Amino acid sequence: TDGGCPVLLTEPQSTNLITDSNDFSSAGDFSLVRVSSSANEIVSPDGSINASLLTEDTANSTHYIVENITVVSEESYTFSVFVKPNGRQWMNIAFESNGYYFDLINKVVGSSFGAPLDYSITDFANGFIRVSVTATVAVGDTSGRVELSLANADGGNSYQGDGASGMYIYGAQLEQLSYSTSLIPTYGTVRTRLQDTV
């Protein structure tokens, strides 16, 4: 404690609204648009070989995965995911058309779009970072949209794909909170972690 007073890190109750947090195939929560997905490619932050690889096709267009989900009007949500570059330095996260670009090599945020509330970048082992975007559902909306796009530059998510580049991805999470909590793995249904008590 370096002479100071020790503290405990506690977390609130939270639910991961992504029903299969580590399935990025077309059989999972996400729809794949001009990308392919292969599972169990490299070691993820949990120490297992269970991180997926997203690879762009050769179209001159956008390359992304997307999920539509039921949400509560005017509430704040935070989407987070672990990512690592594999030929693409940039990617973006959009929730309700609000989001940020992230530099996966230098591990910094780029430009924003829409009206996002906040973002975070946390460094993990084996070259992974956890990135998150917080945004608010529009008035009257009950259907939210989460989108992760590969990019060839800050602000450039429409480009000529090379059929080989992409990024590794692991642990998708969407929470009805204004910040992300530790990963709540899901396996086919939403899952709630109870509040820590001391």
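Figure legend. Inter-residue proximity from region 15-41: first residues of a type in the set (D, E), second residues in a strand (DSSP E or B) and surrounded by fewer than 17 Cβ atoms within 10 Å (Cβ to Cβ), beta-carbon distance below 8 Å, spacing 6+ or different chains. Indicated pairs: D20/Y187; D23/A39; E41/I49. Could you list, in sequence order, all residues of region 55-89 that are modelled with pLDDT under 95, of a type in the set (D, E) and part of a strand (DSSP E or B)? Scanning region 55-89 gives a single hit, E67. Restricted to region 17-54, and to residues there that are of a type in the set (S, T, N, Q) and more than 24 Å from G127 (Cβ to Cβ), the residue that is modelled with the lowest pLDDT is S26. The residues in region 105-133 that are over 16 Å from T181 (Cα atoms), polar (S, T, N, Q) and either modelled with pLDDT under 95 or within 16 Å of the chain's Cα centre (by Cα) (or both) can be counted, and the count is 2. For region 154-169, the set of residues classified as in a strand (DSSP E or B) and either open to solvent by 20 Å² or more (accessible area, probe 1.4 Å) or in contact with a helix residue (DSSP H, G or I) (Cβ under 8 Å, 6 or more places away or on another chain) (or both) consists of S158, Q160, Y168, listed by residue number. For region 179-192, a residue qualifies if it is farther than 16 Å from R130 by Cα and open to solvent by 50 Å² or more (accessible area, probe 1.4 Å), and the qualifying residues are Y187, G188, T189, V190, R191, T192. The set of residues in region 90-117 that are in a strand (DSSP E or B), of a type in the set (A, V, I, L, M) and open to solvent by less than 40 Å² (accessible area, probe 1.4 Å) comprises M91, I93, A94. Selection of first residues in region 149-164 that are without any contact (Cβ under 8 Å) to a residue 60 or more places away in the chain and of second residues that are open to solvent by 40 Å² or more (accessible area, probe 1.4 Å), restricted to Cβ pairs under 7 Å at least 6 apart or on distinct chains, gives the following pairs, ordered by first then second residue: G155/S111. For region 1-44, the set of residues classified as of a type in the set (S, T, Y), in a strand (DSSP E or B) and over 16 Å from the mean Cα position of the chain (by Cα) consists of S14, S36, S38, listed by residue number.
The values are calculated or read from the model by the stated rules, or taken from the named source; none is laboratory data. What you see is a predicted model, and the numbers here were worked out from it, not measured in a lab. Neighbour counts run over all protein chains shown; Cβ positions are idealised from the backbone, glycine included. Only protein heavy atoms, including side chains, enter the accessible area calculation; ligands, DNA and RNA are left aside. Shrake-Rupley method; radii C 1.70, N 1.55, O 1.52, S 1.80 Å.
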